[in-house]
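Read through the structure below, which is laid out as structure tokens, and then see the notes.
The values are calculated or read from the model by the stated rules, or taken from the named source; none is laboratory data. Please read all numbers here as calculations on a predicted model, not as lab measurements. Ideal geometry is used to build each Cβ from the backbone, glycine not excepted, and the neighbour counts take in all protein chains shown. Accessible surface areas use protein heavy atoms only, side chains included; no ligands, DNA or RNA. Shrake-Rupley method; radii C 1.70, N 1.55, O 1.52, S 1.80 Å.
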Amino acid sequence: ESRLDMDLKPRSLQPHWYELYVQPCVAELLGSALFIFIGCLSVVENVEGTGRLQPALAHGLALGLAIAILGDI
């Protein structure tokens, strides 16, 4: 046997507890915080002429960004 064979340890196929429990919770927290923060910022200075378009676009872009970043988790 070579030295490389002894250094390799069989890895379990089960994911680590962090990937199962902590990572999805952190992703949900960050995604929700981003969505709410950007949504609230979009209506802070609501100019008379924008109407409902500005908050709708901001929420849509925030949701798309959160899904693109955190969707694989």
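Checking each residue in the range 17-55 for being out of contact with any Pro (no Cβ under 6 Å at 6 or more places or on another chain) and among the polar types (S, T, N, Q) picks out Gln23, Ser32, Asn46, Thr50, Gln54. Candidates are the residues of the range 48-73 that are at pLDDT below 85 and of a type in the set (D, E, K, R); the one that is farthest from Phe37 (Cα to Cα) is Glu48. The residues of the range 16-69 that are assigned to a helix (DSSP H, G or I) and of a type in the set (Asp, Glu), listed by number, are Glu19, Glu28. Selection over the range 56-71 of residues that are among the aliphatic types (A, V, I, L, M) and open to solvent by less than 50 Å² (accessible area, probe 1.4 Å) gives a count of 4. Asp72 falls short on exactly one of the conditions (1) in a helix (DSSP H, G or I); (2) free of Cβ contacts under 8 Å to residues at least 40 places away in the same chain, and that condition is (1).
Between Leu41, Leu53, the distinction of being surrounded by fewer than 13 Cβ atoms within 10 Å (Cβ to Cβ), touching a residue at least 12 places away in the same chain (Cβ under 8 Å) and among the aliphatic types (A, V, I, L, M) belongs to Leu41 only.
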